[in-house]
Structure formats: structure tokens, C-alpha cells
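Heads up, the thing below is written out as C-alpha cells.
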Amino acid sequence: MPELPEVETTRLGLLPLLGVTVSRVAVRQPRLRWPVPDDLAQQLTGHPLLALERRAKYILARFGHGTLLLHLGMSGRICLLAEDEAPGKHDHVDIHFADGQLLRLRDPRRFGAVLWMQGDPNRHALLSSLGPEPLQDAFDADWLYRHTRKRSVAIKIAIMDSHLVVGVGNIYASESLFRAGIHPETPAGKLSLAHCQRLVEEIKATLQDALKAGGSSLRDFFGADGNPGYFQQRYFVYARTDQACRICANPIQTLRQGQRSTFFCAACQRR
């Protein structure tokens, strides 16, 4: 699933659409994770796109009278194309703009979302209970320390909980914990304030490094401009089972947590 760096990379790739008016909308497959609104074309056509924001893994396309919520799901892509680009089998929603640009949702597994709402999007049920953004000041050591007290869940699971902090998915959780020298099975409530400080710093640094690299392209992620990300070339642990640790040369190990694979170095991340 695309994580925060991939979603933010996609958002940045859509910025050429700002200020441009929607000319028409084509919905070929309305049955995504949630149904595409029947009146989507009516809501968007004739209105200029005013702002593009990101909240967690959602892209918020703001118009004067409402907001379009876009989610990439498990394997979706949002592409910025020329208007005459023929649709493929998995191209489900096209938003045409008056200058000839085309925003297209391509989603083979159909777990993505295209939703419309009026009013404050942060009050939407999908957004209202989310935790702070990891790259903003609200997510700091004090926040992490206070919200993990008395929690016995493993810290890897805790930082992937969007109620605690948004956007830290499986890849960047493993990488951040390695950089912080924290074993992924450590109970969240056992972290000291100093450990929380180090982990928060490494989450922020890992995500910033991934953003600079355009995210990670493991299977089918490409930015809106069609270019892949390159952060996977810099992984310390993720998907490197049995390969030598880049720090100590011991083999990277794998364990299962929450039905996901966790990658770590037992020497660098002692219990």
C-alpha cells in the first residue's frame, strides 16, 4: 500500500492542476472501496481546483463548494496525463480539465476511493479521529510518550496506528525503528521519554528522506508524472531478510506482527 511519502509525492505531481477548471468527468467503474458518488460529474464540472492538500494517506482536492477525497488503496495510482490518453482495463475515474490535462485513477484491486463532501473535510468520518501528522510539530516525544503509557502492544504496531500518528506504514515503521535502535517487539509503554525522542526524530528523518527520493516503488507505485520512487534502494532492513546489516553486517531477520512482516537487526535493535 502506498504510504505517506508516496501519497505526498502524488499530491506534488498534481500541482499543475491548481487553478484549472474541470471540463468533464468520466466514471467507468463506480464500485471502489466505497461507491463513487452518482453526482460526481455534476459537482465538479465547471469548477476550478483551488487547493491540493494531504491528510494522512488521503489527498484532499479542494473546490469552492466542497472537497474531493482521493485514496490510492492497496495498489492504486493517480496519474496526470494528456487528455487523449486512452483508458486501460483498470482506469476507473477520469477528471478532465479545461487545459487538456487529465487526472486518472488507476486501481487494479479497486480498494481506492473517490469521495465528495461539503463542509470541513476534517469532520469526515474517515478523517475526524486521525492522530497528528508525523512531520508536524504536534507529533513530538511528549505526545508519543503520553499516548503510549500503559500500552502493552508492540511499538511497531503502535506507530502504525493512525489514531496515534498518521502515515507511518509498514515500510517506514521498520526503517524508523532500526534507525532509532529500538526492537520492534518492545512494548510501547516501556519506552522511556528518551527512547520516544529518538524514535520521533527518526520517523521524521526517515519520512523526509523518502520524500526526497520520491517514495518507494516496490511493485506498482509511480508518481503522478509516471516516475518511480527510489527510496527502496536505501532501505536498512525492509525486505532485506538474511542480507547483511549495513551497520554491523549481521543478517537481517524477519518476524510477523499484525499479519505483516517486520524486518530488523537483532544486533542493532536489542530488546
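Here segment 136-146 is the region considered, the condition is being surrounded by fewer than 17 Cβ atoms within 10 Å (Cβ to Cβ) and in a loop (DSSP other than H, G, I, E, B), and the residue that is nearest to the chain's Cα centre (by Cα) is 136.
Selection of segment 39-71 for residues being at negative phi and out of contact with any strand residue (DSSP E or B) (no Cβ under 8 Å at 6 or more places or on another chain) yields 42, 55, 65. Candidates in segment 28-62 are the residues that are within 23 Å of the chain's Cα centre (by Cα) and among the basic types (Lys, Arg); of these, the one that is surrounded by the most Cβ atoms within 10 Å (Cβ to Cβ) is 57. Just so you know, in segment 173-217 the residues that are touching a Lys or Arg at 6+ places or on another chain (Cβ under 8 Å) and polar (S, T, N, Q) include one that is surrounded by the fewest Cβ atoms within 10 Å (Cβ to Cβ), and it is 186.
Residues of segment 253-271 being more than 16 Å from residue 172 (Cβ to Cβ) and part of a loop (DSSP other than H, G, I, E, B), which ones?
At the first step, the residues of segment 253-271 found to be more than 16 Å from residue 172 (Cβ to Cβ) are 253-256, 259, 265-268, 270-271.
Hits for segment 253-271 are 259, 265, 266, 267, 268, 270, 271.
Check whether at least one residue in segment 60-74 is assigned to a loop (DSSP other than H, G, I, E, B), modelled with pLDDT under 95, touching a Lys or Arg at 6+ places or on another chain (Cβ under 6 Å) and of a type in the set (A, V, I, L, M), and report yes or no. Looking for residues that are assigned to a loop (DSSP other than H, G, I, E, B), modelled with pLDDT under 95, touching a Lys or Arg at 6+ places or on another chain (Cβ under 6 Å) and of a type in the set (A, V, I, L, M), one finds at least one in segment 60-74, hence yes.
Could you please let me know if residue 10 is at pLDDT below 95 and among the polar types (S, T, N, Q)? Taking the combined requirement at face value, the residue satisfies it.
The number of residues in segment 1-27 being buried (at least 21 other Cβ atoms within 10 Å of the Cβ) and in a loop (DSSP other than H, G, I, E, B) comes to 3.
Taking segment 224-271 as the range and being at pLDDT 95 or above and among the small types (Gly, Ala, Ser) as the test, the residues that pass are 244, 249, 261, 266, 267. Suppose the filter is of a type outside the set (D, E, K, R) and closer than 24 Å to residue 9 by Cα; does residue 163 pass it? In short, yes.
The values are calculated or read from the model by the stated rules, or taken from the named source; none is laboratory data. Since the model is a prediction, treat every value here as computed from it, not as a measurement. When we count neighbours, we look across all protein chains shown, and the Cβ atoms used for this are built from the backbone with ideal geometry, even at glycine.
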